[in-house]
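Bear in mind these aren't lab numbers, they're just calculated from the coordinates by the rules spelled out. It should be emphasised that the depicted structure is a prediction, and the values quoted were computed from it without experimental measurement. Cβ coordinates were reconstructed from backbone atoms using ideal geometry, including for glycine residues, and neighbour counts include every protein chain displayed.
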């Protein structure tokens, strides 16, 4: 399931951040896009079920989302998956644990997929763009 990778053979290669800076904690971002050429930013981080993101990672991603939100709507989604390590993780099927929008964290009251949250966010952005608040 590698239809979105130019080089799936190297996509699994780890990037080691050690030695870059003595005090900062670097992080990668699992998903980041500028939706529809500028209507909104969508950021997501996916962890294995039961694994929590590091506090430094959450702080960095939250700050990024806050800053981006100054220019256009932005959402940060933290999700988890239960796929075995021998299988690819299908992002759309991951379960959302929390979302950061505007200035607040929101927690789903029921099980919701990453795709459903992104679809709802995009629909909200479209409605606001068309003046249907």
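Say each of residue 128 and residue 85 gets a label point 7 Å from the Cα, pointing the same way as Cα to Cβ; how far apart are those two points in nm?
4.0 nm
Which whole-number percent of Cα pairs in the range 27-129 have a distance greater than 16 Å?
Details: 2920 of 5253 pairs.
Tail fraction, whole percent: 56.
Rank-order 85-96, 111-122 by packing density, defined as the average count of other C-beta atoms within 10 Å over each peptide's residues, highest first.
Details: 85-96: 13.7, 111-122: 16.1.
Top of the packing list down: 111-122, 85-96.
Calculated FRET efficiency, residue 4 and residue 103, Cβ-Cβ r, R0 30 Å, to nearest 0.05?
Values: r = 32 Å, r/R0 = 1.05.
E(calc), rounded to 0.05, equals 0.40.
Counting each DSSP H run of 4 or more residues in the chain as -39500 (n - 2.57), what helix-only mean residue ellipticity at 222 nm follows after dividing by all residues, to the nearest 500 deg cm²/dmol? Mind showing how you got there, number by number?
Values: 3 runs with 35 residues, N = 133.
Counting only the DSSP helices, I get -8000 deg cm²/dmol.
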